[in-house]
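The values are calculated or read from the model by the stated rules, or taken from the named source; none is laboratory data. All figures in this text were calculated on a predicted structure; none of them were measured in a lab. Cβ sites come from the backbone with ideal geometry, for glycine too, and all protein chains shown count toward neighbours. Each accessible area value is taken on the protein alone, full model and side chains, heavy atoms only, with ligands, DNA and RNA left out. Shrake-Rupley method; radii C 1.70, N 1.55, O 1.52, S 1.80 Å.
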Amino acid sequence: MKDYSKELKITEVYKEYKDAHPAIKEAMCLKAEYPAYFTPLQDGDLFAGRLQQGRVGFTIDEWGPTAFAYYCQFEEIENDLKTYDYPAEEKVKIEEMLKFWETEDTSNKIRKEYPPLMAQYLFSDDWMNTSGIAFPLYRLTGSTPNFKKLLDIGIPGIYKEIEELKATAEEDRRDVKFYEGMKIAIDVLADVCLYYEKEIRLLAEISTIDEKKEELNKIADTLHIITISKPRTLREAIQLFWIYTYAADIRNYGRMDIYMGDFLVNDLNAGIIDEDEALKYLKSLWQLMADRNTVVHNRVIIGGKSRPNEANADRFALLAMEATRTVKEIEPQLSLRFYEGMNPALFEKALDVIGGGATYPILYNDDININSINNAFGFSIKEAERYFTPYGCGEFILEGRSFGTPSGVINLLKALEVTLRNGVDPVTGKVIGLQLGNFEDFHSFDDLMNAYKKQVEFFVSLLAEQEVLEYKICGEEAPFLYNSLLYDDCMAKGKGMFAGGIKYLGGTLETYGNTNTADSLTAIKELIYERKLISKKELLDVLDNNFAGYENIQLKLANAPKYGNNNEIADSMLERVHNHVCNFVRNQAERVGLHSYLVVIINNSANTLMGRSTHASADGRKAFEHMNNGNAPSGGNDKEGVTAMLNSIVKPSTAIHAGSVQNMKFSPELFFERRDIIKSLLKTYFDKGGSQAMITVLNRGDLENALVEPEKYRNLFVRVGGFSARFVELSTEVQKDILSRTLY
Amino acid sequence: MNDSGIIVDIQRFSIHDGPGIRTTVFLKGCPLNCKWCHNPEAIAYKPQLSFNQEKCLNCFACLSVCPTSTHYIKDNKHEINFSLCQLSGDCVPACPNEALSITGKINSVEQVIELILKDKDFYINSGGGVTISGGEPMTQFQFTKQILKACKDNSIHTTLDTCGHAPSEKYLEILPLVDLFLYDYKESDYDKHKEYTGVYNDLIQKNFNMLYGASAKIILRCPIVPGINDTDRHFEAICDLYKEYPKLVGIEIMPYHNIGLDKARKIGAEEKFISIDTTDKEKSRKWISTLHELGCTNIRLG
Ligand code: SF4
Ligand code: SF4
């Protein structure tokens, strides 16, 4: 039976400070949450910091589809009430708590503020199970503050900074309460360290093994030191970093080789530790990250331009890759930035690690990305060089400076199918989109294309406005103290990051079904408008019947040119779809008042989940089957081989969006026996403008066997777009999707 | 000047027919008739109807569109008489399940080059290029020569995969355009060569000597077929060559695979070929070690 005492306590504190200054309210809630939600050290941990989040609480990220900021997991709590027999008195308390959060939960507050049009067309928050064109997401994800500052000055330094800023706040007309809240929050952070120190000393006392006793005391010493001094060693740096990320609920870790590299090399030079010991630290940290089990987060980036002490950073980067190679977990999602002229040992090591069965590091091409970011976001080249890519999707952000949570999803293929039917969703029969005329009325292909664009634009506009609304309410709700602490220019301004403090507040929007949409449009253009082989009515009949009885037409549709084959007709249609949505989205920023608003073309399991409510499409895809993944050709359609595929996927511009993901899978035969070929493939791809590559080495036989004998393939990891997963744990649908994507 | 030719297929990202990443152009037409042919659809000089029995739904849509009696019904099943086909192509789009196709397409040199150039960056970065294979590319000599010439004009590395059975002067003519030959060495015994391939090997040996003498770069390719030429005698002959021709770039062993049989079936020609199991890995490894023991070291599986 789940114990609700902590949740009830937090609710009490929240009630008490409900009308207090947001910074004080947040600080007091943090104090109620921590260290209460932290859990004990586990065997083998070299660093303290594990956490069991409650059903009620505060986070910058999310603890469920709509559980973010001040959140309450309504469904889970209701389930508990149904499942367990709580004593009557406690039950009443829990029910009262539920009722209280009904109006206080941040997501609920946001939804309540939707203007009528937004409420009508963004009618559901359940994008996974509802048929619709566009959905809002409730979260503030991808936060990546300035870790370097944290480690440079430590808790005492931060404390001092707060004191100084507070002292002059009144006269500079900055918000004194903001700093007061900040001070409480830092005290909480120190309290967490001291709480762990005490617990661990107790463990050390009762331990009978000398070595273990010693190790535990070292951990406790470290925890103590970081409350009174800035970190001086790698061990202290990691410990402070780790406690902080958990308390702040930061799930992505920025450019770790920059902020850890110097600690590592100083320790090594001073003889404090050797490489083996350092690797042990990293492995323990990696394991702690893995156990956090975030599914899509836990990004660590190494390599790339503008690392102040490159040699030290390289040394850390090599060690990080070794940790990934040996820990063999799904997370962290180690990523390597590289550029022409970087120490080649890093890229070489990366290929070894990928070849060892990890899908990491994910590769990021600085020579393309920095210019793309410069163009898409308008950041200067110097600033763009600081980019980081949090979570699975990898939207570019600047560490400690910019923010761009994806707060909306749009299913482009659904937009097209609704447009073909005058606003009606073929899955539900309801009008869910703009009614722009019947397919018959679109006399030219351009008529259809224009209607499709209008449909998409309408929903994009709503999503852009929704993102701003989300930020606005979050800004009113809380200053997000731990994050604002290390985000320019919150401290200097005395403002929370969403209340005008952050330097660059942007937003992103996830698009799905891009390739299926483009390929459908190509088929319609070719077969209906140009060659007139199929009539419009016929096409709708065929699609409504999911091709049953029309196999001949399905074949014609399937044989129409497809993106991914280096075919001009199909590739240029994809570019058309891509340019339209990317540019339209990008142009929203100014209208709604964001620093940037950009598309991300990611791949995760959303293409499968949203495919489930999308009917048959004109590219030959059957109803409810998965849609294409990210920017990739739709399953199995890249028939011309890997060079043709790579030639196609470098075509859509990378300079007008916030990031895209490219999955590539290679058979072990190719990867191991022909490393030269792999290297030249990648080199050519990156030379031609490839931005990113996520490489999986496996073979089809592996996967087919895994379907039959799952127990033998537990250690088979595959990338499902933005994250890695144990193949055997995926649904058959997703497994089949992976199988259908071509292996080279 | 012939500026078009008949092509079976163009394979991009080809990594087994010469160095690096390549585009391999398979031409139609071959003067030999090897019993173990891996590309039987590339033997005839003209396009052919191809029928995939496994995909046939017995819907008989092909019957009504065909101007001949190529397709017919027997016991309620679709049957085919390849010899009657006039290659009108009408049945191909009529088939709802892609059971029918025409093997062999007329392509112009420009079309081929356009495709080849798409992957030029990959060739440069990998040390790859273009391979002309078949069939026997020398049978479409002008076409082959023009493709090779265009490749050279674009600074693309060229490889010619040849059986060696073509007029010697043609080889001399093409030699300046070829960076590397993949030269077949099928059977060392004179009579057996005739028995298994349909031709004697004197011309092939003559051409080989001539090209070798002219300092052509050559990789010798030896198809090894279990029960046919996996004999000690043949392996010894390969090793003798290895010693006699020290400037060979290498020797590749090509273990038999029965994929050709399936393709032969589709064009109604299966009775012309032997039917044995695909060589297992163990066996081909053993061949390699036998050759190593015989002193032949620069050798690998192709
Ligand atoms: S290609 Fe023409 S002649 Fe040959 S079988 Fe088909 S329809 Fe008949
Ligand atoms: S049309 Fe195709 S499927 Fe139908 S009988 Fe002919 S070959 Fe078979």
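The Cβ shell under 15 Å around A:Phe135 holds other residues with a net charge of -4, Lys and Arg each +1, Asp and Glu each -1. At what distance in nm do the modelled label points of A:Asn309 and A:Asp85 sit from each other, each positioned 7 Å from its Cα along Cα→Cβ? Computed distance between label sites A:Asn309 and A:Asp85 equals 6.3 nm.
Taking 23 Å as the limit for the C-alpha separation, the pairs A:Lys382/A:Lys679; A:Lys679/B:Lys120; A:Lys218/A:Lys283; B:Lys149/B:Lys170 exceed it in the case of A:Lys382/A:Lys679.
Centre-to-centre separation between the Cα atoms of region B:188-230 and those of region A:281-344: 54 Å.
Computed on protein heavy atoms with a 1.4 Å probe, the accessible areas place A:Met1, A:Met260 in the order A:Met1, A:Met260, largest first. Taking the Cα centre of region B:48-103 as reference, the dipole from Cβ charges on Lys and Arg (+1) and Asp and Glu (-1) amounts to some 60 debye. Figure note: A:Trp286, A:Trp127 ranked by solvent-accessible area, largest first, 1.4 Å probe, ligands and nucleic acids not counted: A:Trp127, A:Trp286.
Between A:Asn129 and A:Lys160, the FRET efficiency from the beta-carbon distance, with R0 = 56 Å, is close to 0.65.
With each label modelled as a point 7 angstrom along the Cα→C-beta vector, the A:Glu275-A:Asp446 pair spans 6.4 nm. Find the centroid of the Cα atoms in region A:32-56 and in region A:60-112, then give the distance between the two in whole Å. Using only Cα atoms to place each centre, the spacing works out to 22 Å. Compared with the dominant principal axis of the Cα atoms in chain A, helix A:344-355 is inclined by about 70°.
Legend: distances between Cα atoms for A:Lys688/B:Lys105; A:Lys562/B:Lys28; A:Lys665/A:Lys688; A:Lys112/A:Lys472; A:Lys665/B:Lys266; A:Lys15/A:Lys91; pairs beyond 21 Å are A:Lys688/B:Lys105; A:Lys562/B:Lys28; A:Lys665/B:Lys266.
Separation of the alpha carbons by more than 19 angstrom is noted, of A:Lys198/A:Lys280; A:Lys2/A:Lys82; A:Lys212/A:Lys280, for A:Lys198/A:Lys280. Listed values for region A:48-53 are Karplus-derived 3J(HN,Hα) couplings in whole Hz (6.51 cos²θ - 1.76 cosθ + 1.60, θ = phi - 60°), namely 7, x, 9, 8, 10, 5, and x replaces Gly and Pro.
Enter the Cα centre distance for the pair region A:384-402 and region B:43-112, rounded to the nearest angstrom. So the two Cα centres are separated by 56 Å. Once you keep just the Cα pairs under 8 angstrom separated by 6 or more residues, what percentage relative contact order results for chain A? RCO, chain A: 13 percent.
Compared with the dominant Cα axis of chain B, that is its longest principal axis, helix B:232-244 is turned about 50°. For B:Asp9, the residues whose amide H sits under 5 Å from its own are B:Phe26, ignoring neighbours fewer than 5 places away on the same chain, with H placed 1.01 Å from N. Based on Cα atoms of region B:48-103, Rg over Rh with Rh as the Kirkwood radius reads 0.89. In this Cβ point-charge picture (+1 for Lys and Arg, -1 for Asp and Glu), chain A has a dipole of about 1240 debye about its Cα centre. Residues whose amide H lies under 5 Å from that of A:Trp127, counting only those 5 or more places away or on a different chain, are absent; hydrogens are built 1.01 Å from N in the peptide plane.
Counting only DSSP beta bridges whose two residues both lie in the protein assembly as shown, roughly 40 percent are antiparallel.
For B:Asn52 and B:Asp277, calculate 0.36 nm times their separation in residues minus their Cα-Cα distance, and state this gained length in nm to one decimal.
Going from the current span to full extension adds 78.9 nm.
3J(HN,Hα) couplings calculated from phi for region B:281-292 with the Karplus curve 6.51 cos²θ - 1.76 cosθ + 1.60 (θ = phi - 60°) are, in sequence order, 4, 4, 4, 5, 5, 5, 4, 4, 6, 4, 5, 4 Hz; Gly and Pro show x. Here the Debye sum runs over all C-alpha atoms of the protein assembly as shown as equal scatterers in vacuum, and log10 of I(q)/I(0) at q = 0.10 Å⁻¹ comes out as -1.25. Scalar couplings 3J(HN,Hα) for region A:637-645, obtained by applying the Karplus form with A = 6.51, B = -1.76, C = 1.60 to θ = phi - 60°, are 7, 8, 8, 8, x, 5, 5, 5, 4 Hz; x denotes Gly and Pro. Taking amide H as placed 1.01 Å from N in the peptide plane, the amide H of B:Ile224 sits under 5 Å from that of B:Met254, B:Tyr256, each at least 5 places away or on another chain. Label-to-label distance, B:His38 versus A:Glu575, with points set 7 angstrom from Cα along the beta-carbon direction: 3.7 nm.
Per residue, the average separation of C-alpha pairs within less than 8 Å and at least 6 apart gives region A:363-441 a relative contact order of 15 percent. Report the relative contact order of chain B, percent, no decimals, based on alpha-carbon pairs under 8 angstrom and at least 6 residues apart. Here the relative contact order equals 20 percent.
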